[in-house]
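Encoded as structure tokens, the structure appears first; notes follow it.
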Amino acid sequence: MCQLPKTVDDSLIVGLDTADDAAVYRINDELALIQTLDFFTPIVDDPYLFGQIAAANSLSDVYAMGGEPKLAMNIVGFPNCLSPDVLVQILKGGHDKVKEAGAILVGGHTVEDEEPKYGLSVAGFVDPRKVLTNSNAKPEDLLILTKPIGVGIVNTAIKGDLVDKEAYEEAILTMSTLNKYAKEAMDKVKVNSVTDITGFGLLGHSLEMAQGSEVTIKIDHKKVPIIEKAIEYAQMGLVPAGAYSNRKHVGDNVKFVGDIPEEIKDILYDPQTSGGLLISLPEIEAEKLLKGLENINTKYGIIGRVVEKEDCYLIVE
């Protein structure tokens, strides 16, 4: 994208300048449009669950910007060798998640492809004065993560037919849970910065927040919520290639302090599908947000804090 000409528009609140989750365009003083798009190949065998997970992942970007999704359109790649009934189940899963989000599914586009692909283009609304970005974390903020990590490692175990029932069910619950509920809790407190944790993993997306905000983020690895059995699977070497790409991407921008097991590092780099929100907020607001998160079904917690910029952007203790 850096090779494309830069488009300048006074109404474009969030565009390509930061690594944010969606674009935001001001319509008037009280209304702005959020636009996002995401899709991927199946990560589970069940087509209905795949549709739910892909839709939840696509909708997440709107919540990460502080908005409400309103319209969604299907993006589908589908091979002729599979039964149309499979596609029906994928689309039904997506439809049900869009409905749960309070948005409307209004069609889409399908192309023939060798491998199934599914996702959504989503439009949402937000008050332009309340747009949340990943580049406004403040020193002394606390960091709250609203879902556990380790999804990529568990999915690798699923593909290898090595996953147990409990880990599988927790991973499915994590991926299919809408960030709508975390966003509703955020609406009741003052929040400085937000991003959702997806393909770049916890450390990759934390790095984007730290760089965009020109701060250092400190993470306590013992407080990071992790999916059951993900540590055991990482010890077995069931680490997806994306985790190694993320490790290379983060590079020297992270400093590990103390004796942190290698499998924990793998999980911190692990690419997530439909991950939770990483929220940076004043310490005085943290307990109120945690109270608001009590009704969601996934693990969550305070995982670190923001400090003045030090010699690297990320410190894991």
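Odds and ends about this structure:
- Residue match in region 42-50 (condition: in contact with a Phe, Trp or Tyr (Cβ under 6 Å, 6 or more places away or on another chain), outside any strand (DSSP E or B) and surrounded by fewer than 19 Cβ atoms within 10 Å (Cβ to Cβ)): yes
For (1) more than 21 Å from Ser58 (Cα to Cα); (2) assigned by TED's automatic domain parsing to the domain that holds Phe200; (3) of a type in the set (D, E, K, R); (4) without any contact (Cβ under 8 Å) to a residue 40 or more places away in the chain, each residue gets a yes or a no:
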| residue | (1), (2), (3), (4) |
| --- | --- |
| Lys117 | no, no, yes, no |
| Leu120 | no, no, no, no |
| Gly124 | no, no, no, no |
| Lys147 | no, yes, yes, no |
| Gly152 | no, yes, no, no |
| Gly160 | yes, yes, no, no |
| Asp164 | yes, yes, yes, no |
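- Candidates Leu71, Leu59, filtered to the one that is modelled with pLDDT of 95 or more and assigned to a helix (DSSP H, G or I): Leu59
- All of Gly251, Gly258 fail the test of being outside any loop (DSSP other than H, G, I, E, B), surrounded by fewer than 19 Cβ atoms within 10 Å (Cβ to Cβ) and at positive phi, apart from Gly251.
- Count - residues of region 261-274 that are of a type outside the set (Ser, Thr, Tyr) and assigned to a loop (DSSP other than H, G, I, E, B): 4
- Qualifying position, being buried (at least 23 other Cβ atoms within 10 Å of the Cβ) and either at pLDDT below 95 or of a type in the set (Asp, Glu) (or both), among Leu132, Leu145, Leu162: Leu132
The values are calculated or read from the model by the stated rules, or taken from the named source; none is laboratory data. The shown structure was predicted, so the numbers you read here are calculated from the model rather than taken from an experiment. Using ideal geometry, Cβ is built from the backbone for each residue, glycine included, and neighbour counts are taken over all protein chains shown.
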